[in-house]
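See structure below.
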Amino acid sequence: MRDLEIRGAGSLLGAEQSGHIAAVGFDLYVEMVTEAVGELTDAPPVHADVVQIDLPVTAHLPRDYIARDDVRMEAYRKLAAVTSSADVEDVLAEWTDRYGPPPPPAQMLLDVARLRAECLRLDIRAVSVQKGRARLDGWELRKSQEARLKRLSDRSQVLPGVVIVPVAATSEVSLPQALLRLLSEISPPESVRSTA
């Protein structure tokens, strides 16, 4: 406090301090300050839910869809922050309003974001697909869900903390969409269960 009285608060976000906030970016800077304050106040750290998704698909925002790098990075950041399918639909509406209908790679990116949101709902930590088989780590199925999965795909395997199931894309359904359909059939969202 004495130092603050002598020197003043300064310009926290400007060049007068010992560095530029632009060097790390505003979001990272705010995260770093939040962590530092948490350490000083012994507050528990807040970590974003992370789902690792590894799919053999082409999913990105093409330069001819969003030309400016900084705007494209902001679009990626917004999409990475979604936690529900409604959030993804909001991002889609914003992109469509600003840039027009998404091209196929951007549409695939939205499908992957929908899959990520569904994985968050079901506490799935990782999804990977190789040779037509999806591995879902962290998904704990109830006995009724296991039975439903076996009815849908008798070649599926349920191991402790891991579900392995055959999955394939078609000309009408992308790989993330096929996984989404499977997840919602095994464990329907609450809104679907309550209306059924």
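Bear in mind that the values in this text are calculations on the coordinates, not laboratory data. Not measured: the values here are computed from a predicted model. Neighbour counts are summed over all protein chains in view; Cβ atoms, including those assigned to glycine, are modelled from backbone coordinates with ideal geometry.
Worth a mention:
- Near the amide H of residue 133, within less than 5 Å, lie the amide hydrogens of 167, all on another chain or at least 5 residues away, with H placed in the peptide plane.
- FRET efficiency for the residue 155 to residue 78 pair, using the beta carbon distance and R₀ = 22 Å, is estimated at 0.05.
- Evaluating kT/(6 pi eta Rh) at 4 °C and 1.567 mPa s, with the Kirkwood radius of region 137-196 over Cα pairs in the Stokes-Einstein relation, gives 104 µm² s⁻¹.
- Among 80-86, 105-111, the order from most to least packed when residues are scored by Cβ within 10 Å on average: 105-111, 80-86
- Protection proxy ranking, highest mean first, for peptides 174-183, 51-60: 174-183, 51-60, where packing is the per-residue count of other beta-carbon atoms within 10 Å, averaged.
- FRET efficiency estimate (nearest 0.05) - Cβ-Cβ, residue 50 to residue 144, R0 35 angstrom: 0.80
- Between residue 168 and residue 190, the simple label model (points 7 Å from Cα in the Cβ direction) yields a spacing of 3.7 nm.
- For residue 101, neighbours were defined as the other residues whose beta-carbon sits under 15 Å from its Cβ, and their charges (Lys and Arg +1, Asp and Glu -1) total -4.
- Karplus-derived HN-Hα couplings along region 94-111 (A = 6.51, B = -1.76, C = 1.60, θ = phi - 60°), whole Hz, x at Gly and Pro: 5, 4, 5, 5, 7, 10, x, x, x, x, x, x, 6, 5, 5, 4, 5, 4
- In order through region 144-151: 3J(HN,Hα) via Karplus (6.51 cos²θ - 1.76 cosθ + 1.60), integer Hz, x for Gly, Pro: 5, 5, 4, 4, 5, 4, 5, 5
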